[in-house]
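Here is the structure we will look at.
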């Protein structure tokens, strides 16, 4: 008799990420290009959050390459990427930046986007609203328009911008856990650029 050993499949490696952007111009009111100013990402199951930002990157392609290169490397290692509204925003902006900056466009990705919830009327799906409604203690750093303006004028090392970006990822990781526990997450989908 031949014994076959069946092993449990390894857990997928899940990367939670967020980007911050600024509008790069308004030559065409129907099309406003975004440039990435900061990135933050963290592996699900780990505590640390990695962050990159450079105040001069908005005007300098090489500096923007340095901001997104580590995030792209992490995405390549991920089995699944997750975030809030990343299908409609973050992944598209990141892909555009890749093409503008001479990187390869993103390939197909397995994505868990927490804005994709069961259909409901009158249920706010913004990350902060969801976190409050689900009793999540982790807070996303609140910043109004003037606070963003002040943060971007702060200069290096952009502490307020980076802390907002990092707090977004920290809250989102906890939000995803709670949504999963309550059976509110939709399945992972394949995103194709």
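Read-outs throughout are calculated quantities, based only on the coordinates presented, and are distinct from any laboratory measurement. This one's a predicted model, so the numbers in the text were calculated from it and none came from an experiment. No Cβ is skipped: glycine too gets one built from the backbone with ideal geometry, and neighbour counts run over all protein chains shown.
Spacing of the modelled spin labels on residue 24 and residue 177, each 7 Å from Cα toward Cβ, amounts to 3.7 nm.
Over all distinct Cα-Cα pairs of segment 103-145, the Kirkwood formula returns a hydrodynamic radius of 13.3 Å.
Using only Cα atoms, find the angle between the long axis of helix 61-77 and the longest principal axis of the chain, and express it within 0 to 90 degrees, rounded to the nearest 10. The angle comes out at about 10 degrees. In terms of other Cβ atoms within 10 Å, 21, 37 run from fewest to most in the order 21, 37.
From Cα pairs below 8 angstrom and at least 6 apart in sequence, can you work out the relative contact order of the chain, rounded to a whole percent?
Taking the mean separation of contacting Cα pairs over the length of the chain, I get 25 percent.
Bridges between two residues of segment 14-191, per DSSP, are antiparallel at a rate of about 75%. The alpha carbon centroids of segment 126-176 and segment 6-63 are separated by 14 Å. Axis angle, to the nearest 10 degrees, between helix 159-181 and the longest C-alpha principal axis of the chain: 20 degrees.
Just checking the listed ones, 151, 30, 131: in the Gaussian network model of the chain with Cα springs under 10 Å, the one fluctuating most is 30.
Restricting the calculation to Cα atoms, segment 14-191 shows an Rg/Rh of 0.95 when the hydrodynamic-style radius is the Kirkwood one.
With the highest mean first, a sort of the peptides 169-181, 50-62 on other beta-carbon atoms found within 10 angstrom per residue produces 169-181, 50-62. Only helices enter the 222 nm calculation for the chain: every DSSP H run of n ≥ 4 contributes -39,500 (n - 2.57), and dividing by all residues gives -11000 deg cm²/dmol, rounded to 500.
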